[in-house]
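K.L.:
First the structure, then my questions, so here it is.
The values are calculated or read from the model by the stated rules, or taken from the named source; none is laboratory data. Just so we're clear, the structure is a prediction, and the values are computed from it rather than from any experiment. Using ideal geometry, Cβ is built from the backbone for each residue, glycine included, and neighbour counts are taken over all protein chains shown. To get the accessible areas, we keep the full protein, side chains included, count just its heavy atoms, and leave off ligands, DNA and RNA. Shrake-Rupley method; radii C 1.70, N 1.55, O 1.52, S 1.80 Å.
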Amino acid sequence: MENLTIKKNDTLVVDIIDLTYEGLGVAKVEGYPLFIENTLPGEVAEIVVIKIGKTFGFGKLIKLQKKSLDRVELKDKQLTATGIAPLQHLSYSGQLAFKQKQVENVMEKIAKMPEITILPMIGMEEPYGYRNKAQIPVREIDGKLATGFFRKNSHDLVPIENYYIQDPKIDEAIKVVADIMRRFSVKPYDEKENTGSLRHIIVRRGHYSHEMMIVLVTRTEKLFKKEVICEQIINELPEVISIIQNVNPEQTNVILGRKMIPLAGKEYIKDTLMEKTYQISPKSFYQVNSIQAEILYQTAIDFAELKATDVVIDAYSGIGTIALSLADKVKQVYGIESIKDAVIDAKANAALNNIENVKFKVGKAEILLKEWADEEMHCDVLVVDPPRKGLAKFFIDAVLEMKPKKMIYISCNPATFARDLRLLADGGYNIEKIQPVDMFPQTTHVESIILLQMKNS
Ligand code: SAH
């Protein structure tokens, strides 16, 4: 921006006028936007300018001169600095309103369908301690093995013990495992040099089963005194029924490497969801918020108004949780999932629950759906639950060729579902209603379920 008079390190008093999708407060100085962590609309903040970019900059809060009525006390400022809980300063009702408004915004601005019914977001009674999984980086701090989380946009580890949004039993397990690793002088991973050993500790705990899995991600296969380490973990954490080593030799941000080495106990844990039992392996996706996942699935089932004669496709089926939750109500279900281990889990899960009318296929949803459409397969209800990038254009073309009467779109990204709904509406679908469900309290993530119906069907 030309003629901008503010510079880095300036201190200013600004009015916060908006909140971005990432949860940053927005101020405008001479028309130039500044983004400031831990501030809310309506607040007046004393800030220091920490970065000046071409079209926007960043400020850091020094002191609030006026507080928002929606502000609540921080649990721990590191939860904001690391991005674990970027909305922790906003009251829970404020968070729900913020997310609701995002869905309204994308429906108006991206989908261009401001008239669609958006039901009030379903929140949690206790919006903390909900995560059933944690992936915690391990690094060296002051010569010692430390666990915590990276400061946002960096790879500096901030030590954290209470993560607040995770099952407290998982927080405790991370501490215990890290202690044991220190006892055996396991070397923390050094990212710059690609040396050392332990990169991540991953913990999963079944919300209902309380079965716990520990995955130790190491750079090489070598792990001195593996057996004794496992013995001590099981001794000190009696819920642990599975310990797995994962080897990741690459200099990469990707957490898991290819090689899985079972160290002790089973290769998966089990948990229940909607009264069905599931086996979950380390590489498989499993909804991290079990309480809200049941609400999500129940809403999907209610929206679908399933009939005993229906043929359903569950695209992006993971370990089969949606397919198996609705199988009892319909004639046949087909699941599509790209990760082979997840499909192995899904098939085992069908057997585990004595469900015989479900078939799971490994493959890309866009490719398989197109094949099935070309074969003129009949489908009454199509359920999709894609990753953040939403549906591929190719997938939408296949949907419009197959023309299922109903579609249930489960989305974790409002921007991409709005883009996709526009295309589906142009292709002949009515958007009936949208139900947002808060799966990730204290964070900026927004989950929604959308019911679509083919016109004239
Ligand atoms: N419906 C499941 C999983 C949803 S997560 C549940 O609720 O638990 C999305 C899933 O889509 C992941 O399991 C991921 O592995 C899978 N996936 C990602 N891209 C895919 C693609 N192109 N085709 C098929 N599956 C894909």
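K.L.:
Can you show me the helix-derived [θ] at 222 nm for the chain, built from DSSP H runs with n ≥ 4 at -39,500 (n - 2.57) apiece and divided by the number of residues, rounded to the nearest 500.
P.N.:
Counting only the DSSP helices, I get -8000 deg cm²/dmol.
K.L.:
Top to bottom by accessible area (1.4 Å), largest first, where do THR20, THR55 land?
P.N.:
Descending accessible area places them as THR55, THR20.
K.L.:
Roughly to the nearest percent, how much of the accessible area of region 63-180 is carbon and sulfur, given a 1.4 Å probe?
P.N.:
That share works out to 49 percent.
K.L.:
How long are the semi-axes of the ellipsoid equivalent to region 296-368, from square roots of 5 times the Cα gyration tensor eigenvalues, in whole Å, largest first?
P.N.:
Working through the eigenvalues yields semi-axes of 19, 14, 11 Å.
K.L.:
Return one whole number: the accessible area per residue of the chain in Å², for a 1.4 Å probe.
P.N.:
Heavy-atom SASA per residue in the chain reads 46 Å².
K.L.:
Ok, one more. Does region 355-405 come out rounded, prolate or oblate by the C-alpha gyration tensor, with a ≥ b ≥ c the root eigenvalues, rounded set by a/c under 1.5 and, if not, prolate when a/b is larger than b/c and oblate if not?
P.N.:
The shape class here is oblate.
K.L.:
How big is the equivalent ellipsoid of region 133-273 along its three axes, where each semi-axis is √(5λ) from the Cα gyration tensor, reported in whole Å from largest to smallest?
P.N.:
22, 17, 14
K.L.:
Now, a different point. Going through region 1-78, which chymotrypsin sites (Phe, Trp or Tyr not before Pro) have at most 11 other Cβ atoms within 10 Å and a DSSP loop state?
P.N.:
Those that pass, being in a loop and sparsely packed, number zero.
K.L.:
Same structure again: Carbon and sulfur: what percent of region 248-298's accessible surface (1.4 Å probe)?
P.N.:
After summing per-atom areas, the C and S share lands at 51 percent.
K.L.:
Over the Cα atoms of region 318-360, Rg to Rh with Kirkwood Rh, two decimal places?
P.N.:
0.92
K.L.:
Still on this structure, please answer the following. Starting from region 171-221, pick out the trypsin sites (Lys or Arg not before Pro) whose DSSP state is loop and whose Cβ has at most 15 other Cβ atoms within 10 Å.
P.N.:
LYS192
K.L.:
Moving on to the next point. Each residue of region 204-220 in order: what ³J(HN,Hα) in whole Hz does its phi give by Karplus 6.51 cos²θ - 1.76 cosθ + 1.60, θ = phi - 60°, with x for Gly and Pro?
P.N.:
Karplus-based 3J(HN,Hα) across region 204-220 equals 10, 9, x, 4, 9, 6, 6, 6, 10, 10, 10, 10, 9, 8, 10, 6, 10 Hz.
K.L.:
Stokes-Einstein diffusion coefficient for the chain at 4 °C in a medium of 1.567 mPa s, Rh from the Kirkwood formula over Cα pairs: what value in µm²/s?
P.N.:
Value of D from the Cα-based Kirkwood radius: 54 µm²/s.
K.L.:
Would you rank PHE440, PHE224 by solvent-accessible area, highest first, keeping every protein chain in place and using a 1.4 Å probe?
P.N.:
PHE224, PHE440
K.L.:
Please label the shape of region 223-277 as rounded, prolate or oblate, based on the square roots a ≥ b ≥ c of the eigenvalues of the alpha-carbon gyration tensor (a/c under 1.5 means rounded; beyond that, a/b larger than b/c means prolate, else oblate).
P.N.:
It comes out oblate by the Cα gyration axes.
K.L.:
Take the alpha-carbon centre of region 294-344, take the same for region 345-376, and report the distance between them in whole Å.
P.N.:
10
K.L.:
Additional query: By accessible area of protein heavy atoms, probe 1.4 Å, what ranking do HIS89, HIS155 get, highest first?
P.N.:
Ranking HIS89, HIS155 by accessible area, largest first, yields HIS155, HIS89.
K.L.:
From the Cα gyration tensor of region 11-71, with a ≥ b ≥ c the square roots of its eigenvalues, which class applies: rounded if a/c is under 1.5, or else prolate if a/b is larger than b/c, or else oblate?
P.N.:
Prolate shape, in that a/c is at least 1.5 and a/b is the bigger ratio.
K.L.:
Quickly rank 119-127, 296-304 as a protection proxy: mean count of other C-beta atoms within 10 Å, highest first.
P.N.:
296-304, 119-127
K.L.:
Within 10 Å of each candidate Cβ there may be at most 14 other Cβ atoms; applying that plus a DSSP loop requirement, which trypsin sites (Lys or Arg not before Pro) in region 235-344 survive?
P.N.:
ARG258, LYS307, LYS331
K.L.:
Based on the Kirkwood radius over alpha-carbon pairs, what is the Stokes-Einstein translational diffusion coefficient of region 90-130 at 37 °C with 0.692 mPa s viscosity, in µm²/s?
P.N.:
This corresponds to a translational diffusion coefficient of 289 µm²/s.
K.L.:
Under unit Cβ charges (Lys, Arg +1; Asp, Glu -1), what dipole magnitude, rounded to 20 debye, does the chain have relative to its Cα centre?
P.N.:
1020
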